[in-house]
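Any read-out appearing in this document is the output of simple, stated calculations on the displayed coordinates, not a laboratory observation. Since we're looking at a predicted model, the values are computed, not measured. With ideal geometry, Cβ positions are generated from the backbone for all residues, glycine too; neighbour counts draw on all protein chains shown.
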C-alpha cells in the first residue's frame, strides 16, 4: 500500500469515526447539551480544517473559528460534515511529491517545526482519535454508551462509509 493510499484510508476511517461519534452524541440529549463535549467537538473539527489549510496551498487565510461561532449544535454538526464532504476530492489532488514536501507548522514558534505533509496528515488523524476518546469517556460519565470507533474496528467492519 502506498503512503498516499494508507493516509487516505486513515482519513476514510476518520470520516466514519466522526460520523459515528456524532450519531451517538446527537442521540443522547445529556451529551448533546454538554459544554465540554461541544467544545471538544469544535476543537476536533477546527483542527481538521487547520491541517487541511496547512497542507494545502495557503492562498486564502485560515478561518480559525471558535466554538461560540456556532450558535446551535446542528450548525457545528454541519461544519464537521462539510469538512468530511471534501476529503475524497482533496486526497485525489494530492501527489506523492506533495506528501513528501516540507511545511512549517505555524503553531510552533520556539523552536519552529517543519514536517512533511504526510506527517502533518498523520498527526491530524491521530489528534481526532485522541479527542473522540475523551468525548467517549465523557459520554460514559453522563450515562451514555459510547461505541468503539478504533481503526481496527473500522477494518473489521469492512471499511464502512460514514453515515452522516
request  = Using only alpha carbon pairs under 8 Å that are at least six residues apart, calculate the relative contact order of the stretch 3-156 and give it in whole percent.
outcome  = 37 percent
inquiry  = Quick check: residue separation of residue 59 and residue 127 times 0.36 nm, minus the Cα distance between them. What number comes out in nm?
reply    = 22.0 nm
ask   = For the stretch 91-164, what's the relative contact order in percent, using C-alpha pairs closer than 8 Å and at least 6 residues apart?
value = 16 percent
ask   = Which length gain, in nm to one decimal place, applies between residue 26 and residue 71 when the Cα-Cα distance is subtracted from 0.36 nm times their residue separation?
value = 14.6 nm
CD proxy at 222 nm, helix term only [per DSSP H run n ≥ 4: -39500 (n - 2.57); per residue of the chain; nearest 500] = -20500 deg cm²/dmol
request  = Take the Cβ-Cβ distance between residue 107 and residue 151 as r, set R0 to 30 Å, and report the resulting FRET efficiency rounded to the nearest 0.05.
outcome  = 0.75
remark   = Assertion target for 54, 126, 1, ordered by fewest C-beta neighbours within 10 angstrom first, is 1, 126, 54
inquiry  = At 7 Å along Cα-to-Cβ for each site, give me the label-to-label distance between residue 98 and residue 33 in nm.
reply    = 4.4 nm
query = What percent of all Cα-Cα pairs in the stretch 22-159 falls in each 5 Å bin, counting up from 0?
reply = 2, 8, 16, 20, 20, 15, 11, 6, 2, 0
request  = Can you work out the PRE-style zone for residue 115? Point 7 Å along Cα to Cβ, and I want the residues of the stretch 8-32 with backbone N under 19 Å.
outcome  = 8-15
